[in-house]
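Report on one structure; see the data block that follows.
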Amino acid sequence: MPGDGLPIDPGLVAVQEGDWSQLGDIASDIRRVVFIDEQQVPKDEEWDGQDPACRHFLAYLNGQPVGTARLLPDGHIGRVAVLADARGSGIGGRLMEAAITAAQRLGHRQVALSSQLHALAFYERLGFVAHGDTFMDAGIPHREMTLSFDDPVSR
């Protein structure tokens, strides 16, 4: 069962890429549950007005939407969210792979993100390197991370 920490059959997962007009309604629902309801992120901080300019990604498990992420025009990945029942099953990794692949396709030399401290190890397993001091964003401690496509050590 998803959420028990075991990897799921990759054939049961699909990731869709699109723009906000295509994926925004579903992505909004997932982000509302994860960030606003669960993590108590203020609505005005979650809805930052940048979504129309981003590439968006939705992960589906058995046809049901369970996760989302976005890629900003400057190569930052953000708003990575997976519904509680699907966490620990590889969905976040699939979303990140899709966002990284899109960034490479769009010509970015690296991607960056702001990781919540509890998620640092997840991003490190994907090749991201943490740098800088811990900072607060929406009341949650974060660190900046980057993944360079030019540095084979980081991939």
Taking protein heavy atoms only, a 1.4 Å probe, and rounding to whole percent, the accessible area of the chain owed to carbon and sulfur comes out at 52
Vicinal HN-Hα couplings computed from phi for region 35-45 (Karplus, 6.51 cos²θ - 1.76 cosθ + 1.60; Hz; Gly/Pro x)
7, 7, 6, 6, 9, 6, 6, x, 3, 5, 8
Tell me, what ³J(HN,Hα) does each residue in region 59-76 have, in order and in whole Hz, if you take phi through Karplus 6.51 cos²θ - 1.76 cosθ + 1.60 with θ = phi - 60° and put x for Gly and Pro?
9, 10, 10, 6, x, 9, x, 10, x, 8, 7, 9, 10, 6, x, 8, x, 7
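Restricting things to Cα coordinates, could you compute the convex hull volume per residue of the chain in Å³?
Numbers: hull volume 17.7 nm³, N = 155.
Normalising the Cα hull of the chain by residue number yields 114 Å³.
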The chain, Gaussian network, Cα under 10 Å: of ALA130, ALA69, ALA138, the residue fluctuating most is ALA138
Specify the residue with the greatest mean-square fluctuation among ALA81, ALA121, ALA99, computed from a Gaussian network of the chain linking alpha-carbon atoms under 10 Å apart.
ALA121
Roughly how big is the chain's charge dipole about its Cα centre, with Cβ charges of +1 (Lys, Arg) and -1 (Asp, Glu), in debye to the nearest 20?
360
Go ahead and set up a Gaussian network model of the chain, Cα springs under 10 Å, then flag whichever of ASP37, ASP85, ASP48 fluctuates most.
ASP48
Once amide H atoms are placed 1.01 Å from N in the peptide plane, what residues at a sequence separation of 5 or more from GLN110, or on another chain, have their amide H within under 5 Å of its amide H?
PHE149
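Calculated from DSSP H runs of 4 or more alone, at -39500 (n - 2.57) each and per residue, what is the 222 nm mean residue ellipticity of the chain, nearest 500?
Using -39500 (n - 2.57) per qualifying helix, the result is -7000 deg cm²/dmol.
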Multiply the residue separation of ILE140 and GLN22 by 0.36 nm, subtract the distance between their alpha-carbon atoms, and state the gained length in nm to one decimal.
39.5 nm
Percentage relative contact order, the chain, counting C-alpha pairs under 8 Å, at least six apart:
21
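Over region 103-155, average the accessible area per residue using a 1.4 Å probe and give it in Å², no decimals.
Here the per-residue accessible area is 60 Å².
The values are calculated or read from the model by the stated rules, or taken from the named source; none is laboratory data. Everything numeric here is computed off the predicted structure, so don't read it as measured data. Neighbour counts run over all protein chains shown; Cβ positions are idealised from the backbone, glycine included. Side chains included, ligands, DNA and RNA excluded: accessible areas come from the protein's heavy atoms. Shrake-Rupley method; radii C 1.70, N 1.55, O 1.52, S 1.80 Å.
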